[in-house]
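J.: Sending over a structure as structure tokens; questions will come in a sec.
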Amino acid sequence: MTLDDLVDPANLTAAFAALIAFAAIVTVAAPMLKRDGLEVRLKSVASRREELRRRSREALANQKVSKEVLLRHSDESLYKKVVERLQLSRLLEDPKVVGKMAEAGFRGPRPISAYYFFRFALPFVFAAGVAFYLVVMKFDVPPMGKMTFIVTGFVAGFYAPNIYVSNIAKKRRGNIVGAWPDALDLLLICVEAGMSIEAALQKVSQEIGAASIELAEEMSLLVAELSYLPERRLAYEGLARRVNSPGVKSVVTAMIQAERYGTPLGSALRIMAKENRELRLAAAEKKAASLPAKLTVPMILFLLPVLFVVIMAPAVMRTMAVWK
């Protein structure tokens, strides 16, 4: 295959059509091939809890060993070595990176190292890809225009990790918020049945996994933090910070006040469940109200031209037959 075959418009069109067909097949088949990761995630949280318990006992048995060293994950990946060698954590310092990773469900030092690595490498990769494409396709673009495209690719590569993490966090937050009112109802039933808050949260995390694996994971992590953090308030605030949703924050505030002042938790959960259902309904109504405005441009670009062709085609054909 020669270079002319690679830049041939027909071959590029065929390759693009094949790529679209493959993406459509993957999109249709992805839900059928998706595995239920609830059991794996709950097992991971349970193993992490047991590991924390074991390491805390070792720290108590040996006072010479630092507890921080025992309880902290170690990162020996290639990303960490590159970040430390080039000091990317100082060059690309982002004070909110830990919170962003927590909202997206990435925990530990390894995702942070990967974030800094890709934020450093992707600008050069994108810029090199744009430059290579401009050279291979031989576009008749002035040098200043080529430089503009390359700089645009560089900037897009710099912001690509942030966009990726933000999209993952948004999707995860939506999944959690969608199942949050049902989880509050289950939590209310467990609490009014006489279960402790830790046992209730653990039971709800097992039952809510079918609706939201992410929420089940967060509740299991909350149970572990309630057992090991010095203050229970810190565990609740950690849940609100990781989810970053107004409904979850209001429930966390109510739970903190209930533990601090001894107010009944059942009545607070009942009110919060009702408010969260109203918030979910309001969000659905807002999304439905914005749908006509979003459909205007696709209808103008795709539906109306086809409609005009269908309506005008018979008249045009008759006119052409008369002129012949």
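J.: In the range 101-126, which residue that is open to solvent by 70 Å² or more (accessible area, probe 1.4 Å) and part of a helix (DSSP H, G or I) is nearest to residue 165 (Cα to Cα)?
T.: Looking at residues that are open to solvent by 70 Å² or more (accessible area, probe 1.4 Å) and part of a helix (DSSP H, G or I), I get 118.
J.: Say whether the condition of being in contact with a Phe, Trp or Tyr (Cβ under 9 Å, 6 or more places away or on another chain), open to solvent by 70 Å² or more (accessible area, probe 1.4 Å) and modelled with pLDDT of 70 or more is met by at least one residue in the range 21-37.
T.: Initially, the range 21-37 is screened for residues in contact with a Phe, Trp or Tyr (Cβ under 9 Å, 6 or more places away or on another chain), giving none.
No, the range 21-37 contains no residue that is in contact with a Phe, Trp or Tyr (Cβ under 9 Å, 6 or more places away or on another chain), open to solvent by 70 Å² or more (accessible area, probe 1.4 Å) and modelled with pLDDT of 70 or more.
J.: Pick from 269, 281: which is aliphatic (A, V, I, L, M) and in contact (Cβ under 8 Å) with a residue 40 or more places away in the chain? If you could, list the steps in order and put the result at the bottom.
T.: Details: 281 fails: in contact (Cβ under 8 Å) with a residue 40 or more places away in the chain.
Only one candidate passes the filter, namely 269.
J.: So which of 284, 258 is closer than 30 Å to residue 219 by Cα and in contact with a Leu (Cβ under 6 Å, 6 or more places away or on another chain)? Spell out how you get there, then give the answer.
T.: Details: 284 fails: in contact with a Leu (Cβ under 6 Å, 6 or more places away or on another chain).
Matching residue, one of 284, 258: 258.
J.: So which residues in the range 205-224 are surrounded by 18 or more Cβ atoms within 10 Å (Cβ to Cβ) and either at positive phi or not hydrophobic (A, V, I, L, M, F, W, C) (or both)? Show your work before the answer.
T.: The first filter runs over the range 205-224 and keeps only residues surrounded by 18 or more Cβ atoms within 10 Å (Cβ to Cβ), leaving 205, 208-209, 212-224.
The answer is 205, 209, 212, 214, 217, 218, 220.
J.: Moving on to the next point. Charged (D, E, K, R), surrounded by fewer than 18 Cβ atoms within 10 Å (Cβ to Cβ) and modelled with pLDDT under 90: which single residue out of 170, 146 fits that description? I'd like the intermediate steps shown before the answer.
T.: On the way: 170 fails: modelled with pLDDT under 90.
Criteria check complete, one pass: 146.
J.: Is it the case that residue 79 is of a type in the set (Phe, Trp, Tyr), closer than 26 Å to residue 172 by Cα, open to solvent by less than 70 Å² (accessible area, probe 1.4 Å) and modelled with pLDDT of 65 or more? Steps first, please.
T.: Working: of a type in the set (Phe, Trp, Tyr): yes; closer than 26 Å to residue 172 by Cα: yes; open to solvent by less than 70 Å² (accessible area, probe 1.4 Å): no; modelled with pLDDT of 65 or more: yes.
In short, no.
The values are calculated or read from the model by the stated rules, or taken from the named source; none is laboratory data. All values reported here derive from a predicted model rather than from experimental measurement. Cβ coordinates were reconstructed from backbone atoms using ideal geometry, including for glycine residues, and neighbour counts include every protein chain displayed. All accessible areas refer to the heavy atoms of the entire protein, side chains included, with ligands and DNA or RNA removed. Shrake-Rupley method; radii C 1.70, N 1.55, O 1.52, S 1.80 Å.
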